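Read the structure below first, then the notes.
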Amino acid sequence: MESEKYLRMTFELAKQAKGLGDGPFGALVVDENDQIIARAGNTTNSENSVTYHAEINAIQQAEYNRGKGKLKGCTLISSAEPCPMCASAIVWSGLSKVVYGVSISAMEEIGIKQIDIPSSAILEKSDHEIQVNGPLFEEEALLVFK
C-alpha cells in the first residue's frame, strides 16, 4: 500500500473540508487490492451533525459500496488520529488497519480541542486485530490546521 500517497490525499480532503467551513479532516478507505472504495471529508458544519467526522463518512460510504460488515481486509487512512467515536466505528465496521497523519496529542498541543484518549486504547479492545500505523508525516498534517 502506498501510505504516503494516500495520506497526502487525505490532507487534500481535509483542506477541502476546511474550505467549506467544516473541520479540517479527511479520510479514505482502501481495499485489499489497493483500490480506494471511499473518500470523505468532515461535514459536521455543512451537514449540521457532530457525528459527521471524515472517518465516519468514509466508513458509511465504504459500507454502502461493499455492504455492512464487509470491510475486513480494508484500511482506513485518515489525516488525523481517529477520535474515540471514530475508533469505535472502526472496530464495529471490521476494518483491518488504520493509518493516520497527526496524533490527538499533537492536535491538542496546538489548541485543537480533542478527547484525550488515543485511538489505540479503543482499537486494541477489538475482537479482531486492527493494525495501526501513525502518526505519519505529522508536521505536514498539522499544516492543514494553520
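Just so you know, all these numbers are worked out from the coordinates, no wet-lab data involved. These numbers come from a predicted model, not from an experiment. As a convention, Cβ positions derive from the backbone with ideal geometry for all residues, glycine included, and neighbour counts pool all protein chains shown.
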Item to check | Dipole in debye (nearest 20) - region 3-145, about Cα centre, beta carbon charges: Lys, Arg +1; Asp, Glu -1 | outcome: 440
Next on the checklist: What Kirkwood Rh does region 9-146 have if only Cα atoms enter the pairwise 1/r average? Answer in Å.
Outcome noted: 14.5
Checklist entry - Under the classification rounded if a/c is under 1.5, otherwise prolate if a/b is larger than b/c and oblate if not, where does region 1-83 fall, given a ≥ b ≥ c as square roots of the Cα gyration tensor eigenvalues? => result oblate
Item to check | CD proxy at 222 nm, helix term only [per DSSP H run n ≥ 4: -39500 (n - 2.57); per residue of the chain; nearest 500] | outcome: -11000 deg cm²/dmol
Checklist entry - Hey, with R₀ at 30 Å, roughly what FRET efficiency would residue 116 and residue 72 work out to, going by the Cβ-Cβ distance, to 0.05? => result 0.50
Checklist entry - Taking θ as phi - 60°, what are the ³J(HN,Hα) couplings along region 130-137 by the Karplus curve (6.51, -1.76, 1.60), each to the nearest whole Hz, with x for Gly and Pro? => result 10, 6, 10, 10, x, x, 10, 6
Item to check | Residue among 142, 20, 67 farthest towards the positive dipole end of region 3-145, charges placed on Cβ | outcome: 67
Checklist entry - aspartates and glutamates within cross-link reach of residue 70: Cα-Cα under 17 Å, excluding same-chain residues under 8 positions apart? => result 31, 32, 34, 55, 127, 129
Next on the checklist: Using +1 at the C-beta of Lys and Arg and -1 at the C-beta of Asp and Glu, which of 45, 132, 80 has the Cα lying farthest in the positive direction of the dipole of the chain?
Outcome noted: 45
